[in-house]
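Scroll down for the structure; my scribbles are underneath it.
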Number of protein chains: 2
Amino acid sequence: MASLSLSLNKNPNPPVTGLFPKQDNLNRLATKTSAISLNKPFSSKKLENEKTTIMFTRSSVSSTTSTHDYRKSDAVLSHDHPHPHHHNHHHVDEATLLLQNEEDERPLREIWREIQGSNDWEGLVDPLNSCLRREIIRYGEFAQACYDSFDFDPNSKYCGTCKYPGAHFFEKLEMADRGYKISRYLYATSNINLPNFFQRSKMSSVWSQHANWMGYVAVSTDEDEIRRLGRRDIVIAWRGTVTYLEWICDLKDILRSADFGPDPTVKIESGFYDLYTKKERGCKYCSFSAREQVLAEIKRLLDYYEGEEISITVTGHSLGSALAILSAYDMAEVGLNVVASGKKVPITVYSFAGPRVGNLKFKGRCDELGIKVLRVVNVHDVVPTVPGIIANEKRQFQKYIEETMSFPWSYAHVGVELRLDQSHSPFLKPTKDPGCAHNLEVHLHLVDGYHGKGKRFCLETKRDIALVNKNCDLLRSEYGVPSQWRQDENKGMVRNTDGRWVLPERPRLEGHPPDMAEHLEKVLMIKRNSNSNGGVHGTSSPGLEAS
Amino acid sequence: MASLSLSLNKNPNPPVTGLFPKQDNLNRLATKTSAISLNKPFSSKKLENEKTTIMFTRSSVSSTTSTHDYRKSDAVLSHDHPHPHHHNHHHVDEATLLLQNEEDERPLREIWREIQGSNDWEGLVDPLNSCLRREIIRYGEFAQACYDSFDFDPNSKYCGTCKYPGAHFFEKLEMADRGYKISRYLYATSNINLPNFFQRSKMSSVWSQHANWMGYVAVSTDEDEIRRLGRRDIVIAWRGTVTYLEWICDLKDILRSADFGPDPTVKIESGFYDLYTKKERGCKYCSFSAREQVLAEIKRLLDYYEGEEISITVTGHSLGSALAILSAYDMAEVGLNVVASGKKVPITVYSFAGPRVGNLKFKGRCDELGIKVLRVVNVHDVVPTVPGIIANEKRQFQKYIEETMSFPWSYAHVGVELRLDQSHSPFLKPTKDPGCAHNLEVHLHLVDGYHGKGKRFCLETKRDIALVNKNCDLLRSEYGVPSQWRQDENKGMVRNTDGRWVLPERPRLEGHPPDMAEHLEKVLMIKRNSNSNGGVHGTSSPGLEAS
């Protein structure tokens, strides 16, 4: 055990006291507590025990009680990726790994603005700050909840809805401990030209001919969680597609004016625009557009929680990421986040595997408005490369092409990129399956193990690797996790009192709330004021109507 | 309502008092009780209520509380298949349908020998006797239980086992009310040449390298059920394949001597022989062959219940049907069913979608030994046509070919055929899918609606049509039943105390019981005695060893 004390005592770096030092995560010194417990003489048996206890907060290797032997994989890894601090003694190596992950940092409540991107995640992404990692995963799980709760079954008359009523949403998803409550479900009309995106029931009697559930608005309501976060957080989560990528082919890649603001040269992909703004008169779920639903709800919540410290966090995967960026832009462009005191509520987007949304002007306007977008991408995923094959932010002269030629197929990504590579995870098998590379759970796994460019992949949180296979087949077979394992018992069929197997009726779905028009009217008022204060458009946006 | 009383009073047939009259089921008169209640004046509302109550025992149409509207389909049907007693008044029609299914019959306990085939089901199959129908379905469900409980998941280290311990088997399958208890699980070695039949785990650490669970022996233990049955019933259920038919291609169609008896010209397909007789030294589940396991267990039970009225019922679907016939033949050939008193315990086989098992000599020997086989087949299923494409019981000169030429590819079906046709069920959509045509649940649905050759398809029991889609996609979409709906929640993954998703460990599987050799020795003694009493073989059967 002397070797361990030695390696600890020999560490030349002083304890880190500053916030987010740019030095390598792996070189960090232990916090005082851990250092003390590890410097005491102990048997290897004792180390095992301590490891198990520590593990609940930030295990990088295996739990001794788990059936998955992660240590095995970690051992494999230390051969594949030589590690500067590699010791021959296995226990020492594990202890060192734990120490590497120690961070001297203030709690989230004190640094939440930086974590939400106030400094454009400067110094937080490489090496990846562990507090930011936890937040990315937490918001990623809010987006994943849209998949885990969505009814994909075309034999169900509820196909295209959320399987759970809002009041039980987080409880049904075993996320009740998150401290959030659903405040509104969001719907969109499927009556637009994205035929491969929407789920349609094969049944003749269905809940709606047009609507598809598109996500939710939730608010942190638990006092402990609000204290931990340092603010009240409003989450908007947009649903995308789990693995199927057919909708990409439906994108026409044609840009159109994002007529939410004064500048007509700010343009977005027309399919995303339609999804966000189209509505269906006579449908109780989408007689208001997704846009109107989300703006009205956010206005309502900002008014309700007026005077509190608030953040708006928009999260989405795949097509949901496009909606996340679009709605974040919209809120800022409309001026919704400027509250009575004149303060600006920060708007942050956690985007996973998202496509490009608009042109270079759109990107510029997002930056100008102060929207913070963290884009988590897997280099093997094709979705972030579309649209914009012909002209995008990586090509030269994009600005020239766009401004001079009004070229309608020029796209640019918004925000800061967190670039991951699934081939770096030793838990995953090599595959060219585009669905796996696009999968949200795979992204969250990669975030968990990412430490920085060129850094060794090493799981940092206790996040379960089995989640990777929830909707795909990517984990190496030695972990014994079935592929595509997320499924309902008997596809949701239950035996009724007659003993017959039936898809049970669900509680009535809530349509638009009665006070929606009223809150939307307030949004329109902000917009009219901002337009009269220098906007080029005198009329209200064509996408918004209060009645 | 006058029309109903009229139609009842006008019925020219006298009340049926004899057992199993050959006249058309549909012409039967109502039993006294039903006739009384139906002759009273009543509102159509009341008829609805009475129908619902009656329905629990023998509904042919819909339950008013059910979400499936079977009446709709029944209406469709009455157009497709003109019905001699078709009335214009819908309620009257329904009442008549109920009356048609009335049977004046003694209870099962008095007629069980005939129902089990003592008179080769003479007069019971066309029209189909409703007591026999219920028994066919009941035994079919014992065979279906082998599928519903089997672990097919190659990612599970328990792949190839029964998912439930024997003590909880019927309870887990919601069959606790059947009044039976598992007495023994049956295993076979997969180390034979039927590569597409066995399920193998992809895992490195598995419960067994060789064994596959093949079914079970169960005994009626509930006193009410024994009273209802009129005897203690021993069920042997053999597992087959749910829908996949690949194993057919593995059959080499080559006959070999079924060396269980004295006559070497009695031959069976060599793959079935191997499956039934091969074993694996050193494997705790198949160091005894399936054959030895079942003979020893039946011997044990017959000794244990000596002096009681007993029946042996063997049931199986697909390849399980071949094992059912083979094991029934074996028990009779060995003389296992001749008990101390000299009485013969009747052996009955309910075979579903079974292939041919042996040659014409085999069939003859089965008949000679008094085994009763009821073969339920769907004319659209290919399995009952194999083996024996070249020579079978339908061709001329089979006896000549077999005896003179020792032709090794001549097969014959055993027993009485109940020939069903899925195209007669208005609940099923037209499809050429061979898996659907072979599916056991489809067969049980067809039994439920079958009344006799040329008779209208009409569901007789309260059996749920949703079961048809359990493992296939055959129900018309208007019933809103998902296809292939039988599945475990999250493929059996559960969250452990660490919050990780794992396939839970299962209780240790029981290997061969310690007293098996002892019971097998007793079987061998019977065999030696029967051989010395005129058998041509002086030695014991090569397939049987007591240690």
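Below are the figures for this structure:
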| read-out | value |
| --- | --- |
| Residues satisfying the stated conditions in segment B:386-409, i.e. in contact with a Pro (Cβ under 8 Å, 6 or more places away or on another chain) and either among the aromatic types (Phe, Trp, Tyr) or under 27 Å from B:Ile137 (Cβ atoms) (or both) | B:Val386, B:Trp409 |
| Given (1) out of contact with any helix residue (DSSP H, G or I) (no Cβ under 9 Å at 6 or more places or on another chain); (2) open to solvent by less than 10 Å² (accessible area, probe 1.4 Å), index of the condition B:Ser341 fails | (2) |
| Residue, nearest to the other protein chains (Cβ to nearest Cβ), within segment A:125-166, restricted to residues that are assigned to a helix (DSSP H, G or I) and β-branched (Val, Ile, Thr) | A:Ile137 |
| Number of the condition not met by B:Asn490 [criteria: (1) within 13 Å of chain A (Cβ to nearest Cβ); (2) open to solvent by 30 Å² or more (accessible area, probe 1.4 Å)] | (2) |
| Residue that is over 21 Å from the mean Cα position of the chain (by Cα) and among the acidic types (Asp, Glu), where the choices are B:Asp153, B:Asp177 | B:Asp153 |
| Matching option when the condition is surrounded by fewer than 18 Cβ atoms within 10 Å (Cβ to Cβ) and basic (Lys, Arg), among B:Arg456, B:Arg463, B:Arg508 | B:Arg508 |
| Segment A:168-198, residues that are part of a loop (DSSP other than H, G, I, E, B) and either more than 22 Å from A:Glu141 (Cβ to Cβ) or more than 14 Å from chain B (Cβ to nearest Cβ) (or both) | A:Gly179, A:Ser190, A:Asn191, A:Ile192, A:Asn193, A:Leu194, A:Pro195, A:Asn196, A:Phe197, A:Phe198 |
| Residue match in segment A:359-375 (condition: of a type outside the set (A, V, I, L, M, F, W, C), open to solvent by less than 10 Å² (accessible area, probe 1.4 Å), over 21 Å from A:Gly140 (Cβ atoms) and at pLDDT below 95) | yes |
| Residue selected from segment B:466-480 under the condition more than 7 Å from every other protein chain (Cβ to nearest Cβ) and assigned to a loop (DSSP other than H, G, I, E, B), by the criterion most open to solvent (accessible area, probe 1.4 Å) | B:Arg476 |
| Subset tally (residues that are of a type in the set (Val, Ile, Thr) and not in a helix (DSSP H, G or I)) for segment B:402-458 | 3 |
| Boolean, A:Val206 is touching a residue at least 40 places away in the same chain (Cβ under 8 Å), of a type in the set (A, V, I, L, M) and under 26 Å from A:Lys299 (Cβ atoms) | no |
| Test for B:Ala332: is it under 30 Å from B:Lys470 (Cα atoms), modelled with pLDDT of 95 or more, in contact with a helix residue (DSSP H, G or I) (Cβ under 9 Å, 6 or more places away or on another chain) and not β-branched (Val, Ile, Thr) | no |
| Segment A:231-271 - residue that is acidic (Asp, Glu) and modelled with pLDDT under 75 and, of those, most open to solvent (accessible area, probe 1.4 Å) | A:Glu246 |
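The values are calculated or read from the model by the stated rules, or taken from the named source; none is laboratory data. Quick caveat: nothing in here was measured; it's all calculated off a predicted structure. FYI the Cβ positions are ideal-geometry reconstructions off the backbone, even for glycines, and counts take in every protein chain you see. Keep in mind that these areas ignore ligands, DNA and RNA; they rest on the heavy atoms of the full protein, side chains included. Shrake-Rupley method; radii C 1.70, N 1.55, O 1.52, S 1.80 Å.
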